[in-house]
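All remarks here apply to the structure that follows.
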Amino acid sequence: MKSVFASLCIALSTYSKLPCPQVAYIGENKRYALCFFPIVGLIAGTLLSAWLRFAAHFSLGAFPVGAVGSLIPLLVSGGIHMDGMMDTLDALACNQGVERRLDILKDSHTGAFAVMGVCAYLLLDAAFLSGIEASSLWALVPAYALSRCLSALNLLTLPSARSGGMADDLIRSSHQKRVRIGLLLQAILYALLILFCARAGGTILLGTGALFTLWFRRMARKQFGGITGDLAGYFLQGFELVCAAALFFHGACIS
């Protein structure tokens, strides 16, 4: 039980800026950390959905609704996944082979493609979030948790493209069989909750999310030879954008 609580604390302190007790970052304490990763998504999704419902109730303008909405997950996560997305965008812009792309992922400098990509991402995310139907908003809560389930499962099921990183260390320290089962059961639960919250919109969300997941896994293998923490962050951010887009276009089609 002590190691489970320690794993929860490590998940929260590693993948969010949420206050939590500090525990030693050692192998035993990291054993189940990835199982608790989706909790960060539940919190981010709840805060985001609450804001969007609040804004809809008071008829706030689309720009502040979307702008604040796109910032809430960043504030919760501390931008760790967006940082991975930016590194991946720079690496994908390179046409010099797998090793060069992996070198770019490790580079601390920010390139032009990362800047352009994150600006485009935030603009699209703000636009989609500001246009989601009120009846579908709570689907974002399980969707943000599902994005983290799938991101962690990608880390556990795809080959590691680079050893020595934080993600690789966390994978090696995990009780992989139990963590995979726990994440898979959570993913099924969150998928069912999405369908319950959004029904037809949830079906579209899960369908487009599944297509994006398949595309990502193929891209990661082909372009990088596997997965890294940065690529896991890229997947998470992309999946959440796909979720918002699916709910937005479903609402637009039935309006």
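The values are calculated or read from the model by the stated rules, or taken from the named source; none is laboratory data. These figures come from a predicted structure and were not determined experimentally. Neighbour counts are summed over all protein chains in view; Cβ atoms, including those assigned to glycine, are modelled from backbone coordinates with ideal geometry.
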Given (1) free of Cβ contacts under 8 Å to residues at least 60 places away in the same chain; (2) within 30 Å of LEU193 (Cβ to Cβ), index of the condition ILE104 fails: (2)
Residues of the range 53-72 classified as among the aromatic types (Phe, Trp, Tyr) and either outside any loop (DSSP other than H, G, I, E, B) or in contact with a strand residue (DSSP E or B) (Cβ under 9 Å, 6 or more places away or on another chain) (or both), total: 2
Residue within the range 100-115 that is aliphatic (A, V, I, L, M), at pLDDT 95 or above and in a helix (DSSP H, G or I) present: yes
Candidates ALA11, ALA33, ALA6 - the one that is at negative phi, crowded, with 20+ Cβ neighbours inside 10 Å, at pLDDT below 95 and in contact with a Ser or Thr (Cβ under 6 Å, 6 or more places away or on another chain): ALA33
Helices (runs of 4 or more DSSP H) wholly inside the range 116-212 containing at least 2 residues that are crowded, with 21+ Cβ neighbours inside 10 Å, under 19 Å from the mean Cα position of the chain (by Cα) and free of Cβ contacts under 8 Å to residues at least 60 places away in the same chain: none
